[in-house]
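Everything on this sheet refers to the single structure shown next.
The values are calculated or read from the model by the stated rules, or taken from the named source; none is laboratory data. It should be emphasised that the depicted structure is a prediction, and the values quoted were computed from it without experimental measurement. Neighbour counts are summed over all protein chains in view; Cβ atoms, including those assigned to glycine, are modelled from backbone coordinates with ideal geometry. Remember, those area values only see protein heavy atoms, side chains included, never the ligands or the DNA or RNA. Shrake-Rupley method; radii C 1.70, N 1.55, O 1.52, S 1.80 Å.
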Amino acid sequence: VVNPGVTYFNQNGTTFPIAEGVLLTSGVGNVAVGPNGQGGESDPTGTVVLNDVDMDAIAAAGITNGVVLEFDFIATGNLLEFDYLFGSEEYPEFVNAGYNDVFGFFLSGTGISGPYSLGAENLAVIPGTTTPITIDNVNDGLNSAYYYDNVNGLTFGTAIEYDGTTIVMRATADLICGETYHIKL
C-alpha cells in the first residue's frame with residue numbers, strides 16, 4: 001500500500017542536518033520541501049486518520065491524523081542508535097493551544113519492558129527524562145535547548161517548510177544480538 005505520508009528524502013545540498021532518510025508526515029511529504037514560506041502549510045489530501053493507543057497516550061489528547069511505520073528486525077549487535085528530527089507546521093502558533101503534534105519511537109522485544117503496546121518503550125523522549133517529544137514539550141519556552149525556530153527559514157534556510165523542529169535527537173536502546181525486535185514510528 002502506498003502511503004503519501006511516508007517519503008524518502010535527501011538534503012540535496014541544503015543546510016538540513018540529516019543527509020537522507022525517511023520522512024513521516026501526517027500530510028503529504030512534498031509539502032515539507034522548503035523554503036519556509038508560510039505558517040500552517042498543509043495538503044489535506046494526504047491526511048490519514050490515525051487510531052493508535054500509544055500515540056494517544058503520549059499526546060495527552062485524541063489523535064486527529066498521522067502516519068505509522070512499523071517493522072521487525074533481528075539485532076546484529078547489542079545497541080540500537082537512531083537519529084531523528086521532529087518538525088511541525090504547528091510551531092509556534094499552536095504550542096499549548098490544543099493541537100499537540102507528537103512523535104513516538106516505540107521499541108518492543110526481548111529485554112524491553114515498557115508501558116506501551118507489546119511492552120514497548122518510547123525512545124523519542126527529551127534526553128534524561130521520560131517526557132515525549134511533542135510541540136507542547138519542546139518549543140521556544142520549554143526545553144528550548146532542543147528546539148530550532150525555522151519561521152521564515154531562520155534555521156534551515158530553503159531546506160524545509162516546517163516552522164520549527166527539534167535538534168537532531170538520538171534514540172538508543174540496548175539489544176540482545178540475534179533477537180527479534182519491533183519498531184513502531
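Points worth noting:
- As for region 138-145, it holds no residue that is of a type outside the set (Phe, Trp, Tyr) and modelled with pLDDT under 95.
- Of everything listed in (1) closer than 29 Å to residue 176 by Cβ; (2) open to solvent by 30 Å² or more (accessible area, probe 1.4 Å), the single unmet condition for residue 41 is (1).
- Of all residues in region 19-42 being in a loop (DSSP other than H, G, I, E, B) and aliphatic (A, V, I, L, M), the one that is modelled with the highest pLDDT: 19
- Test for residue 87: is it at pLDDT 90 or above, buried (at least 21 other Cβ atoms within 10 Å of the Cβ) and at negative phi: yes
- Evaluated against (1) under 15 Å from the mean Cα position of the chain (by Cα); (2) surrounded by fewer than 20 Cβ atoms within 10 Å (Cβ to Cβ); (3) not β-branched (Val, Ile, Thr), residue 124 falls short on exactly one condition, (2).
- Only one entry in 113, 108 is assigned to a loop (DSSP other than H, G, I, E, B) and farther than 29 Å from residue 12 by Cα, namely 113.
- The listed residue being farther than 21 Å from residue 75 by Cα, acidic (Asp, Glu), out of contact with any Cys (no Cβ under 6 Å at 6 or more places or on another chain) and open to solvent by less than 10 Å² (accessible area, probe 1.4 Å), out of 149, 140, 136, 163: 163
- Extreme residue, nearest to residue 177 (Cα to Cα), among residues of region 127-156 that are part of a helix (DSSP H, G or I) and over 14 Å from the mean Cα position of the chain (by Cα): 145
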